Amino acid sequence: MNYQSTISGPGQANEYQSHIAQMKQLIERQNGTWSGINPESVARMRLQNRFQTGLDIARYTAAIMRKDMAAYDADPALYTQSLGCWHGFIGQQKMISIKKHFGTTDRRYLYLSGWMVAALRSEFGPLPDQSMHEKTSVPALIEELYTFLRQADARELGGMFRAIDAARAAGDGAKEQELLAAADNFQTHVVPIIADIDAGFGNAEATYLLAKKMIEAGACALQIENQVSDEKQCGHQDGKVTVPHEVFLAKVRACRYAFLELGVEDGIIVTRTDSLGAGLTQQIAVSHEPGDLGDQYNAFLDCEEVAAGEGRNGDVIINRNGKLLRPKRLASNLYQFRPGTGADRCVLDCITSLQNGADLLWIETEKPHVEQIASMVDRIRAVVPNAKLVYNNSPSFNWTLNFRQQVYDAWKAAGKDVSAYDRPGLMSVDYDRTDLAAEADERIRTFQADGSKRAGIFHHLITLPTYHTAALSTDNLAKEYFGDQGMLGYVRNVQRQEIRQGIACVKHQNMAGSDMGDDHKEYFAGEAALKAGGAHNTMNQFG
């Protein structure tokens, strides 16, 4: 039996018993020197550690994403989702929660946000999203996330194995068989991670080297943007500078070479365009003939006509339709695009990316508006019919205000009386119980389904959710605990809710691996094992 093939993914029929039989034969061949090794204990440890390397994970999760992409092409209701992570524990708890509430991890991923790596994981301390953090912190976080997800597998399976032992001790053969089947059909917490490689942290070679590290850590999907590496900005801030298509495509190819070199042939590349909000470029594109890609990029430049002999020292002059034009150069030595060309540039970026190896698109927008996204996707799909998006459901948007204003505008256009509402002030709590607010909230609730059906959005993510939830929950706890509520502020709002909602972390010793450690102690030392989970363990108070 090929051990690796039996563990790299979901459980198989009789996998548990197969591992036991395999280990029993191996132990018997050692002429008694391994008599202290229990074949069933080895089988359990193997099943608790299904993935041996990050590349095993990358190959397994890439296949999941490819399957999900095909399913979405057949039915756009089958979109996928993820939440951004900045620590392994956060990713682990998300997947444990998803399994608890929905029974499956299908179509739920994790997103690794470069913004959160910069703000929360850099040795320099909190940094803005400008690619100033250590590039090695990105693959390190990928590895950390998968370490915690694999531990979630081990923990859940460990509970199943303890239940098997209890069923045996009670002589309940039917229950034992039911639990053995559950172990064979166990669904791993290991899911795809879409990992942010920013603008590649340098040239194409630097992009390739970092991509390899990220893939080796387990990433099956790399998201790369068309900004200049050393001028990179958060997609929702000003001052963004894009690069000509050929410069960007070299980095896209570098990512594909990294996937292929490492044997992850199904690896996914997500190309992000920031052109909608980027009005600047650092370079004039190379153009060899009218209408080529470089010429199309340069056609968006804001230029002024110059007569022969009027050029100034240092000017760049381009020929457009027989006219000599001088692109407007700023004091920063950057060139600017003509206002109002962002959507056209996005469409060109996306079509070009898909025609040169990209699998998914990401269009960074300034607001969450289905029709705005769809207006660009319709044009892209006219050329590439199966074009699909990853979309940032960003906390940088004021969702409440945006959608209330969208409803206000729709009502006004339909001739409905909106005199009771102040459009700029629609964020006010005074409007929370109005019909307008209710319709806006319903649009927010259905935004992902609507966007996937109308605008080709295959994957919806929130980049920074736990950055905000951590801040909010900490603020609420600090206000009560350090105020007049004292310990009740913690007990009532944290621990009591953990108990009543079945949050696994209420038994934090178990979550940190104490019970698994006890299992191993028993494997290694038998009755002599000194275990932590005895009668005096206070975790017993939680049932």
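We did not get these values from a lab; they are worked out from the coordinates using the rules stated. None of the values given here were measured: they were computed from a predicted structure. In this analysis, Cβ positions are derived from the backbone assuming ideal geometry, glycine residues included, and neighbour counts consider all displayed protein chains.
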Taking a label point 7 Å from the Cα of A471 along the Cα→Cβ vector, which residues of the stretch 98-117 have an amide N closer than 17 Å to it?
-> 113-117
Once phi is turned into θ = phi - 60°, what whole-Hz ³J(HN,Hα) does the Karplus curve with 6.51, -1.76 and 1.60 give for every residue of the stretch 205-213, x standing for Gly and Pro?
-> 5, 4, 4, 4, 5, 5, 4, 4, 4
Sorted by Cβ density within 10 Å, fewest first, the residues L120, L222 = L120, L222
Enter the angle in degrees (range 0 to 90, nearest 10) between the Cα long axis of helix 399-413 and the first principal axis of the Cα atoms of the chain, meaning the one along which they spread out most.
-> 50
Nearest-0.05 FRET efficiency for N31 and R338, computed from C-beta distance (R0 60 Å) = 0.15
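Could you please rank V316, V506, V252, placing first whichever residue has the fewest other Cβ atoms within 10 Å of its Cβ?
Listed from fewest to most nearby Cβ atoms, that is V316, V506, V252.
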Helix 465-481 vs. the chain, principal-axis angle (Cα, 0 to 90°, nearest 10) | 70
By per-residue mean of other Cβ atoms within 10 Å, what is the highest-first order of 460-472, 484-496?
-> 460-472, 484-496
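So what is the 222 nm mean residue ellipticity for the chain from helices alone, if each DSSP H run of at least 4 adds -39500 (n - 2.57) and you divide by all residues, rounding to the nearest 500 deg cm²/dmol? Present the calculation step by step, with values, prior to reporting the outcome.
Details: 21 runs with 255 residues, N = 543.
Computed ellipticity for the chain at 222 nm equals -14500 deg cm²/dmol.
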Low-density loop trypsin sites (Lys or Arg not before Pro), the stretch 282-354, at most 16 other Cβ within 10 Å, DSSP non-H/G/I/E/B, are R312, K328
Check S113: other-chain or 5+ apart residues with amide H under 5 Å from its amide H, H built from backbone geometry?
-> C85
How about the stretch 11-74: which chymotrypsin sites (Phe, Trp or Tyr not before Pro) there lie in a loop by DSSP and see at most 15 other Cβ atoms within 10 Å?
-> W34
For the stretch 145-154, 3J(HN,Hα) per residue [Karplus equation, 6.51 cos²θ - 1.76 cosθ + 1.60, θ = phi - 60°, Hz, x = Gly/Pro] | 4, 6, 4, 5, 5, 5, 5, 5, 4, 4
³J(HN,Hα) computed for each position of the stretch 74-84 - Karplus, 6.51 cos²θ - 1.76 cosθ + 1.60, integer Hz, glycine/proline x | 7, 8, x, 6, 8, 7, 10, 9, 7, 10, x
Would you pull out the residues with amide H under 5 Å of V241's amide H, same chain only if 5 or more places away, H placed 1.01 Å from N?
-> V228, Q233
Segments 280-287, 240-247 sorted - mean Cβ within 10 Å per residue, highest first | 240-247, 280-287
Would you kindly state how much longer the chain becomes between E527 and Q17 on full extension, computed as 0.36 nm times their sequence separation minus their alpha carbon distance, in nm to one decimal?
-> 181.1 nm
When each of K367/K453; K213/K521; K67/K135; K94/K507 is checked by Cα-Cα distance, pairs over 24 Å | K213/K521; K67/K135
So how tilted is helix 245-261 from the main axis of the chain? Cα-based, degrees 0 to 90, rounded to 10.
-> 20
For the stretch 248-269 and the stretch 113-165, compute the distance between their C-alpha centroids and round to whole Å.
-> 23
Starting from the amide H of Q223, placed 1.01 Å from N in the peptide plane, find each other amide H under 5 Å away whose residue is 5 or more places distant or on another chain.
-> A195, D196, I197, V270
